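So the structure is just underneath, and the comments pick up after that.
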Amino acid sequence: TDALYRNSLFETKVWYFYTITMGVFGRKKNKGKNNNDNGDELPPPIIKSPSVENGLKSPRRVSLKDVIINGSSQAGTRPDMGRKQLSAKSSLSSHLTRESMKQRMSIATLNLHGLIKDDLDDDSSVASEVIPSDAFTKTMGVSRHNSTLLMNVASSSIKNTNVVDPYNVPFESQYEPSEMRCLALVAHNHMKPAMKEFVMSHKEVLKKFRLTGTNTTITLLKSIFGDDPEVFYGPSFQSGPLGGDAELCALACLEDLGGCFFFMDPLSAHPHQADIDCLVRLLNVHNILTCINPCTAHAMSFVLKEALEDGRMDQIPSFFYTLKSPGVAVYKAEQKQALEAAKKS
């Protein structure tokens, strides 16, 4: 049995060596005959293992990029088989397959698979149709098609048809920034691009508040607003890992924090996780308006605008009054009982 196994293993190695050698020299020979001057080279030949001879075909692994570019996921399809070698019918089918798949992908997924630029120089690529000021795609991962629909709904709701950006319509606030508590903007590193797009999309609302936050985010805000005299800033703090989140906790305890937009990255570890947990807990203890993702902050921006425009402090009470979580009263009662028990003992 051992001798048969060794002989079989030796024959298999010899067969693979022969196949690979002939494949390499065969490619060089064909290249010399065809005089291919454009530098294009065929991919390595598909090597059939002995299982192919037995009828058990082992499919070649096809990447997602091959599927979208060529419109085919069949094993053994050469990735350089472009539109020039396809018939009109198969080319149309490939185009529809590629477009239908791209509509279901986010920009991050297209970047991941190297498809952010259309390899076929198609004018209908996703990258060329993305609206720069579109907050839905860049901050919430909404697909291009659905993002366009949402922007159309937003534009149609504005009475002034000449408005280019429906989320930055100028309005008058019934309150001065100095009459309200600070609005803090915080974003983890991977969420800072989303925070930048959010601020640009809602800057007319945000600049009605005294803005504060951790060091990097405040620097980002100042780069967006520039020297705008209508923008007021509250106290500035350190970067989060250096104590910025803890300083925001202190601001909440000192009753000068009315709201916090905290774009938290749920997919990364943070060296100051204890400070993050402390900040979120104290925001809840003091019942401060808090948004921990872009979608919530986007929705809350309309509440803020309506409250400022109509003078409705009842809609955003944490910017004017000191609030507490309902659990605070229960905690204080338990602490009082514990203190009385300690005095009697």
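The values are calculated or read from the model by the stated rules, or taken from the named source; none is laboratory data. Keep in mind it's a predicted model, so treat the numbers as computed, not measured. Using ideal geometry, Cβ is built from the backbone for each residue, glycine included, and neighbour counts are taken over all protein chains shown. Remember, those area values only see protein heavy atoms, side chains included, never the ligands or the DNA or RNA. Shrake-Rupley method; radii C 1.70, N 1.55, O 1.52, S 1.80 Å.
The set of residues from region 301-332 being out of contact with any Lys or Arg (no Cβ under 6 Å at 6 or more places or on another chain) and within 14 Å of Glu176 (Cα to Cα) comprises Leu304, Lys305, Ala307, Glu309, Asp310, Gly311, Arg312, Met313, Phe320.
Within region 136-149, residues that are touching a residue at least 60 places away in the same chain (Cβ under 8 Å) reach partners that are surrounded by fewer than 17 Cβ atoms within 10 Å (Cβ to Cβ) and assigned to a loop (DSSP other than H, G, I, E, B) with beta carbons closer than 9 Å, at six or more positions or on different chains, in the pairs Met140/Asn293. Take the conditions (1) open to solvent by less than 20 Å² (accessible area, probe 1.4 Å); (2) out of contact with any Pro (no Cβ under 9 Å at 6 or more places or on another chain); (3) closer than 29 Å to Gly327 by Cα; Ala250 misses just one of them, which is (1). Summed over region 174-213, residues that are farther than 26 Å from Met151 by Cα and charged (D, E, K, R) total 4. Among residues that are without any contact (Cβ under 8 Å) to a residue 60 or more places away in the chain and acidic (Asp, Glu), Glu176 is included.
Residue count for region 253-267 satisfying the condition of being touching a His at 6+ places or on another chain (Cβ under 7 Å) and part of a loop (DSSP other than H, G, I, E, B): 2.
Contact annotation: residue pairs with Cβ atoms under 9 Å, 6 or more positions apart or on different chains, pairing a residue in region 317-345 that is part of a helix (DSSP H, G or I) with a partner that is aromatic (Phe, Trp, Tyr), are Phe319/Tyr175; Phe319/Phe209. Taking region 287-303 as the range and being surrounded by 19 or more Cβ atoms within 10 Å (Cβ to Cβ) and over 23 Å from the mean Cα position of the chain (by Cα) as the test, the residues that pass are Ile288, Leu289.
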